[in-house]
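Worksheet: one structure, shown below.
The values are calculated or read from the model by the stated rules, or taken from the named source; none is laboratory data. Note that the structure is predicted; figures quoted are calculated from it, not measured. Note that we place each Cβ from the backbone using ideal geometry, even for glycine, and neighbour counts take in every protein chain shown. These area figures cover heavy atoms from the full protein model, side chains too; ligands, DNA and RNA do not enter into them. Shrake-Rupley method; radii C 1.70, N 1.55, O 1.52, S 1.80 Å.
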Amino acid sequence: MLSLSSHGLRSSGDPSRRSFLITMLGAGVMLGYAKSTLGAADVMLEALSTHTARSAGDLFEPTIWYGIDPSGTVTVNIIRAEMGQHVGTALARIVADELEADWRRVKIVTVDSDPKWGLMVTGGSWSVWQSFPLLSRAGAAGRIALIEEGAKMLGVPEQTCTAREHAVHAGGRSIPYGDIVARGNLRRTFTSEQLDKMPIKAADKRRLIGRNTLAEDIPSKVDGKGRYGLDAVVEGMVYARPKVPPTRYDSKVVSMDDSAAKRVPGYLKSLALDDPSGTVPGWVMVYAETFIAANKAADLVNVKWSSGKAATISEADIQKRAAELIADPKGGSLLVDDPGVDTALASAKQKIERTYTTSTVMHFALEPVNALAFEKDGIFEIHTGNQWQTLILPVLAKALGRSQDKIVLRSYLLGGGFGRRLDGDYTVPAALAAKAIGKPVKMVCTRADDMRFDCPRSPSTQVVRMAWGNDGRVTAMDHHAAAGWPTAVMAPSFMPKGVNGVPYDLFSIFGADHWYSVGAQRVRALRNDLADETFRPGWLRSVGAGWTNWAVESFMDEAAHAAGVDPVKFRLEMLDGAGRNAGSAPNSVGGARRQAAVLARLAEKVGWGKPTPKDVGLGIATTFGQERGMPTWTACAALVRVNRTNGHVTVEKLSLVIDAGTVIHPNSAEAQVEGAALWGLSMALHEGSEFVKGQPKDTNLDTYALLRMGDVPDVEVEFLPSTEAPVGLGEPATTPVAPAIGNAIFAATGARVRHLPIRRQAVLEALTHRS
């Protein structure tokens, strides 16, 4: 029988994580923390509640997005996952500003899955961008309703009242929001049509937006009260660790021998999972009373699988397939297909062609994927951190053989998302494991399990061409990009059709459809079917924009040098805002001219054109974030030093200028840009794996290189002032860093690199064979 509280979970002891960590650090056993705590029956941690104790009848809820109780406390419902970006604070500030609420009286609650919330997804840098209009109008609606009722209670005309500092004011009198809720007759609700027409404040009237405050999630993360998926436990549960098969899709269990595992104290059993959804074919789940026992036993369970073609495929095969796809002019989807591209290339006075490639990139989130699953009162509960509840619920329904309304995803903090937890595939084996034995199961993957089950960023190959006419002007640009398509695998309904009627994965080509005026333009997206068959491509911070902008901005630099034009001048001349690059309301007002503005400001800021010491170079790149429909105009300059003897590249400084429209919470915005830029740096110089016979070569951090603390450069961030629509900040700063570094290496040495990550050997080879 389950003993439940709040989230349905129970604590016995619940020591402070922070004090526990300090104790463990003092004892010098920090590295053993995860396994020891997961295996200790007397260290059960209480889950973070997503619900308040008061009844709905005590609340004034003008919309579903927040409520005000009789004490005046405003509780804002957050449907976005918290993974370090402080999203709840930003979204609650939007509501509170329009509501004229006292920020000290505002709370945030991360809610569980429910159809009433609509699309629950945290990715694509969409959270603030998508939520700003909705939450602004919701806050304004509450303010209007409070003024109406407050006026009645004060006995004055509504038009004489104003809302300010958590109260309705009229003349010299006022009534607090809490009193209006407690003593008034607040019954006003608003239809979606009314909310759509709701006027919101002018930018100069805002009191909270654009001003800093401590992010609401920070204290609980510091004192250990915040709960992550790995913390979720329930009385009577058992642990499980999977045996991950050799390939993602086509492995089948042939035989299983657990005789050696039976010697492990606490070992229970091993079962091959039956998965009707096809998410985890060939998986074997090893059950035990503690995670330590499950971990030991899993290593001793001997499983033999049969596997198909994917078990023979390696990275070189995938890249070869990409080159074949690009060489065939008939395939793929055309995002842009202006007439005259081939004619311009054929008749060009000058033209260049370059090929750019990137390696497989793994997620390596600090918290390996995990989930607690059990059934209670006819509802299957999944307790975990997740970025896209709406996506995985129908998959869980198919796997469990029940309707979605009988499944709920409970929300937790994420110990790293980066796009990995957009795919909630890890919830499926936990749910199936619980269903198979009829009791709560906490499935935890080791780091190696996590990586072998990862949905990494696909390797990519791109070919880019440019032509100049007799007058020296650019007349055409042709861009072909081939990679695995995560959206095609996991969310095909999100795929629009290209101009040739063929669907494309927007997250594998965004960035190639740039804002430069280049004459006739063609952009072709190609799905690398061999990549998709070998592994499950995933969304990883900035996704395709991370490789398309590597090509676009490296190529723009190469084209500028080929034309004998300064690289900044070359770009600025093409960021003229002509034609489709003019931009449009509400999100891309100003178009390419805003991108030109961030580039011009950056060039001024870093002293572009000034001489640098020997073997030191300044490189520049400019991008527009995730997508043309939500452009975050970004420019980055990288100052690098190159060691010609060993090929080592030291990045000494990254400077970024951003136009993200209205910035809601400046501290969080700056932190997101810094984090994204450092992620971009890590992928530029360090991060990259490869597939070897269907498996990622690197499954732990002893071989997979990451940016280390000692290699973090100075990072300077500047936001251009703007009152335009707020756009995304989680990913855009990732995209210009790698090309800025590549361009800086060329500026320092004359050597051009065209593959990510930029390894020392590649720099040495480029120094030897300059082209």
Handout entry: From phi via Karplus (6.51, -1.76, 1.60), per-residue ³J(HN,Hα) for the stretch 76-88 in Hz, x at Gly/Pro
Key = 9, 8, 10, 9, 8, 7, 9, 9, x, 9, 6, 5, x
Completion exercise
Cβ-Cβ cut-off under 14 Å around GLU558, Lys and Arg +1, Asp and Glu -1: the net charge is +3
Practice task
With viscosity set to 1.567 mPa s and temperature to 4 °C, compute the Stokes-Einstein D of the stretch 374-523, Rh being the Kirkwood radius across alpha carbon pairs; µm²/s, no decimals.
Solution key: 69 µm²/s
Handout entry: Projected label distance in nm at ALA448 and SER403, using a 7 Å step from Cα toward the beta-carbon
Key = 4.5 nm
Exercise for the section: Quick one: of LYS406/LYS697; LYS221/LYS497; LYS225/LYS406; LYS252/LYS697; LYS398/LYS693; LYS296/LYS435, which pairs are farther than 32 Å apart, Cα to Cα? Expected result: LYS406/LYS697; LYS221/LYS497
Practice task
Give, rounded to the nearest 20 debye, the magnitude of the charge dipole that the chain has about its Cα centre when Lys and Arg contribute +1 at Cβ and Asp and Glu contribute -1 at Cβ.
Solution key: 400 debye
Fill in the blank from the handout: Ranking ASN370, LEU599, PHE510 by how far each Cα lies towards the positive end of the charge dipole of the chain (+1 on Lys and Arg Cβ, -1 on Asp and Glu Cβ), the top one is ASN370
Fill in the blank from the handout: The summed charge of the GLY617 Cβ neighbourhood (under 13 Å; Lys/Arg +1, Asp/Glu -1) stands at +3
Problem - Cα radius of gyration and Dmax for the stretch 91-197 (Å) - result: 15.4, 49
Practice task
Would you work out the charge dipole size for the stretch 616-728 about its Cα centre, treating the Cβ of every Lys and Arg as +1 and the Cβ of every Asp and Glu as -1, and quote it to the nearest 20 debye?
Solution key: 420 debye
Problem - Kirkwood Rh in Å, taken over all unlike Cα pairs in the stretch 233-387 - result: 20.4 Å
Exercise for the section: Calculate, in nm to one decimal, what VAL502 and LEU701 gain on full extension: separation in residues at 0.36 nm each, minus their alpha carbon distance. Expected result: 67.7 nm
Practice task
For the stretch 373-420 and the stretch 641-707, write down the distance between their C-alpha centroids in whole Å.
Solution key: 31 Å
Handout entry: log₁₀ of I(q)/I(0) at q = 0.20 Å⁻¹ - the stretch 236-321, Debye sum with one point per alpha carbon
Key = -0.87
Handout entry: Distant-in-sequence amide H partners of SER689 (H built 1.01 Å from N, under 5 Å)
Key = THR360, VAL361, MET362
Completion exercise
Phi-derived 3J(HN,Hα) across the stretch 234-244 with the Karplus relation (6.51, -1.76, 1.60, θ = phi - 60°), rounded Hz, x for Gly and Pro, is 9, 4, x, 7, 10, 9, 8, 10, x, 9, 7
Problem - Whole-percent carbon and sulfur share, accessible surface of the stretch 616-771, 1.4 Å - result: 50 percent
Fill in the blank from the handout: Of ASP513, ASP114, ordered by accessible area with the largest first and a 1.4 Å probe, the sequence is ASP114, ASP513
Practice task
Could I get the Rg over Rh figure for the stretch 519-631? Both from C-alpha atoms, Rh via Kirkwood, rounded to two places.
Solution key: 1.02
Exercise for the section: Calculate how many DSSP beta bridges within the chain are antiparallel, expressed in % of all such bridges and rounded to the nearest 5. Expected result: 75 percent
Fill in the blank from the handout: Listed by chain and number, the residues whose amide H is under 5 Å from that of TYR516, excluding neighbours fewer than 5 places away on the same chain and using placed H, are none
Practice task
Assuming 0.692 mPa s and 37 °C, estimate D for the chain with Stokes-Einstein, Rh taken as the Kirkwood radius over Cα pairs, in µm²/s.
Solution key: 118 µm²/s
Exercise for the section: Can you run the Rg to Rh ratio on the stretch 135-201? Use alpha carbon positions and the Kirkwood inverse-distance Rh. Expected result: 0.97
Fill in the blank from the handout: Scoring only Lys, Arg, Asp and Glu (+1, +1, -1, -1) among other residues with Cβ under 12 Å from the Cβ of VAL74 yields -1
Problem - Of all DSSP beta bridges in the stretch 370-498, antiparallel share, percent nearest 5 - result: 80 percent
Exercise for the section: Might you tell me the accessible area per residue for the chain, computed with a 1.4 Å probe and given in Å²? Expected result: 38 Å²
Completion exercise
Kirkwood Rh for the stretch 303-399 from C-alpha pairs, in Å, is 20.0 Å
Practice task
Using θ = phi - 60° and the Karplus relation 6.51 cos²θ - 1.76 cosθ + 1.60, list the HN-Hα couplings for the stretch 668-680 in order, rounded to whole Hz, with x at every Gly or Pro.
Solution key: 5, 4, 5, 5, 5, 5, 4, x, 5, 5, 6, 4, x
Practice task
Excluding residues on the same chain fewer than 8 positions from LYS116, give the aspartates and glutamates whose Cα lies under 13 Å from its Cα.
Solution key: ASP405
Practice task
Take the solvent-accessible surface of the protein heavy atoms, probe 1.4 Å, and return the percent of it on the stretch 324-454 that carbon and sulfur atoms account for.
Solution key: 52 percent
Completion exercise
Accessible-area order for ASP576, ASP196, largest to smallest, probe 1.4 angstrom, reads ASP196, ASP576
Handout entry: Carbon/sulfur fraction of accessible area - the stretch 456-497, other protein chains in place, 1.4 Å, %
Key = 48 percent
